[in-house]
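J.: I am attaching a structure below and will ask some questions about it afterwards.
The values are calculated or read from the model by the stated rules, or taken from the named source; none is laboratory data. Nothing here was measured: the structure is a model prediction, and the numbers come from that model. Note: ideal-geometry Cβ built from the backbone for every residue, glycine included; neighbour counts use all protein chains shown.
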Ligand code: AMP
């Protein structure tokens, strides 16, 4: 898929936003939603999406770009606290060639600590009970 390809209303994150697909939500406001990545690269891997039909950063309206970044900052603080992680990494992929697999823009929040390796993304489905436990810790840290 190329960066100029039109947005597909049936992508999985659009379905999550319409409540047509399940998600373990940790934070939501008028313009954004944060939920657990179901194939985490690390424990505590959270995604932040804007409630705007944009496939990538270049097509996201400025007000949603701002809202997405502010939510990323807020949720990253809670993820870092909940996972007791000394650091965290933010990732955001644009275009299949860059590794993007879901074409609704999203920020990855990945808590990091020295020596903790992370998996390739979108590969292994997590244990849902474990994800729920981590999500509860992140919600409590918000
Ligand atoms: P990207 O490759 O940057 O587009 O990342 C897409 C991310 O979405 C990957 O890390 C996947 O593990 C994750 N993902 C795919 N489907 C779902 C889903 N239904 N719920 C939560 N995360 C998902």
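J.: Scan region 5-16 and tell me whether some residue there is part of a loop (DSSP other than H, G, I, E, B), touching a strand residue (DSSP E or B) at 6+ places or on another chain (Cβ under 9 Å) and within 12 Å of residue 104 (Cα to Cα).
T.: no
J.: Taking the conditions exactly as written (within 11 Å of the ligand (Cβ to nearest atom), touching a residue at least 24 places away in the same chain (Cβ under 8 Å) and more than 16 Å from the chain's Cα centre (by Cα)), does residue 85 satisfy them or not?
T.: Numbers: within 11 Å of the ligand (Cβ to nearest atom): no; touching a residue at least 24 places away in the same chain (Cβ under 8 Å): yes; more than 16 Å from the chain's Cα centre (by Cα): yes.
For residue 85, the condition - within 11 Å of the ligand (Cβ to nearest atom), touching a residue at least 24 places away in the same chain (Cβ under 8 Å) and more than 16 Å from the chain's Cα centre (by Cα) - is not met.
J.: Report yes if residue 136 is in contact with a helix residue (DSSP H, G or I) (Cβ under 8 Å, 6 or more places away or on another chain) and surrounded by 13 or more Cβ atoms within 10 Å (Cβ to Cβ), otherwise no.
T.: No, not satisfied.
J.: May I pose another question? How many residues, within region 17-42, are surrounded by 17 or more Cβ atoms within 10 Å (Cβ to Cβ) and within 21 Å of residue 127 (Cα to Cα)?
T.: So the count comes out to 12.
J.: When region 1-31 is examined, which residues are found to be touching a residue at least 12 places away in the same chain (Cβ under 8 Å) and within 10 Å of the ligand (Cβ to nearest atom)?
T.: 11, 12, 13, 16, 23, 24
J.: Related question: Can you pull out the residues in region 88-129 that are more than 14 Å from the ligand (Cβ to nearest atom) and either surrounded by 11 or more Cβ atoms within 10 Å (Cβ to Cβ) or within 19 Å of residue 33 (Cα to Cα) (or both)?
T.: 88, 111, 112, 113, 116
J.: For region 32-43, which residues satisfy the criterion of being over 19 Å from residue 63 (Cβ atoms) and either within 8 Å of the ligand (Cβ to nearest atom) or modelled with pLDDT of 95 or more (or both)?
T.: Once the filter is applied, which keeps residues that are over 19 Å from residue 63 (Cβ atoms) and either within 8 Å of the ligand (Cβ to nearest atom) or modelled with pLDDT of 95 or more (or both), region 32-43 yields 35, 36, 37, 38, 39, 40, 41.
J.: Those residues that are without any contact (Cβ under 8 Å) to a residue 60 or more places away in the chain and in contact with a strand residue (DSSP E or B) (Cβ under 9 Å, 6 or more places away or on another chain), I need them from region 100-123; list them, please.
T.: 105, 113, 114
J.: Which strands (runs of 3 or more DSSP E) sit wholly inside region 37-128 and have at least 1 residues that are more than 24 Å from residue 22 (Cα to Cα)? Steps first, answer last, please.
T.: Details: elements: 46-50, 87-91, 107-112.
Of the strands (runs of 3 or more DSSP E) lying wholly inside region 37-128, those with at least 1 residues that are more than 24 Å from residue 22 (Cα to Cα) span 87-91, 107-112.
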